[in-house]
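A quick write-up on the structure given underneath.
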Amino acid sequence: MGFILIGIASITDTGLNGAILQIISHGFIGAALFFLAGTSYDRIRLVYLDEMGGVAIPMPKIFTMFSSFSMASLALPGMSGFVAEVLVFLGIITSQKYLLMPKIAITFVMAIGMILTPKYLLSMSRQIFYGYKLFNTPNSYVFDSGPRELFVSISIFIPVIGIGMYPDFVLSLSVDKVEGILSNYFYR
């Protein structure tokens, strides 16, 4: 959410396009992570992180999809979140609206967020998939994702990679609208 607000506040075409791309990217990645969290809960019926551990061994497909979308959430290069965050950074840095010190302060806050997010997301993934408490479910059968879950996950993953590799497809749809918004903002 912070990147979206900063992109909008930059009042530049690059920042606004980055905010739009971040909204789209966040929608895909967030939907996939919630889907995978629901799928994992459906399989193991555990909610608390301290009860989980070693889930990567009995459910390698869910582990792979969850790890891929976690990396996309961290804005790994080649995925949609990376392009969006770079555009927002460029938008706030090139903005004529702010002086140098507010730009430095905003960039510093963004950097803190970019440092803390991997810490929490990767420690959560480590606990779930490689935790010290080995996953065991007495008298139950745990099965990995089936074709339906794979189809849904791959259908969401393709646009995440596609937008990351070729963002002009989405940006070409928003350029005219962003220019219209900016022209109304500056020429009132």
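So the values come out like this:
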| quantity | calculated |
| --- | --- |
| Charge dipole (debye, nearest 20) of the chain; +1 at Cβ of Lys and Arg, -1 at Cβ of Asp and Glu | 280 |
| Sites ALA31 and MET101 - FRET efficiency at Förster radius 45 Å, r taken between beta-carbons, to 0.05 | 0.75 |
| The chain - mean residue ellipticity at 222 nm from DSSP helices (-39,500 (n - 2.57) per run, n ≥ 4, rounded to 500) | -25000 deg cm²/dmol |
| Answer label for Rg and Dmax of the Cα atoms in Å (calculated), chosen among [x] 19.6, 70; [y] 17.2, 51; [z] 23.2, 73 | [x] |
| The chain - percent of accessible surface contributed by carbon and sulfur, probe 1.4 Å | 71 |
| Efficiency of FRET between ILE181 and MET114 - r from beta-carbon atoms, R0 22 angstrom, step 0.05 | 0.25 |
| Long-range lysine pairs (8 or more apart or interchain), segment 55-188, Cα under 27 Å | 6 |
| Max mean-square fluctuation residue, GNM over the chain, Cα-Cα springs under 10 Å, options ILE62, ILE154, ILE163 | ILE154 |
| Accessible area expressed per residue, the chain, with surrounding protein chains retained (probe 1.4 Å, Å²) | 59 |
| TYR185, TYR130, reordered so the largest accessible area comes first (probe 1.4 Å) | TYR130, TYR185 |
| Nearest 10 degrees, 0 to 90: helix 147-165 Cα axis against the chain principal axis | 30 |
| Highest to lowest packing among 16-29, 165-178, scored as the average C-beta count within 10 Å | 16-29, 165-178 |
| Estimated distance in nm for a label pair at PHE151 and LEU49, the labels positioned 7 Å out from Cα along Cα-to-Cβ | 3.4 |
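The values are calculated or read from the model by the stated rules, or taken from the named source; none is laboratory data. Note that this is a predicted model, so its numbers are computed, not measured. So basically every Cβ, Gly included, is an ideal-geometry build from the backbone, and we count neighbours across all protein chains shown. Ligands, DNA and RNA are stripped out before the accessible areas are found, and what is left, the full protein with its side chains, is counted by its heavy atoms. Shrake-Rupley method; radii C 1.70, N 1.55, O 1.52, S 1.80 Å.
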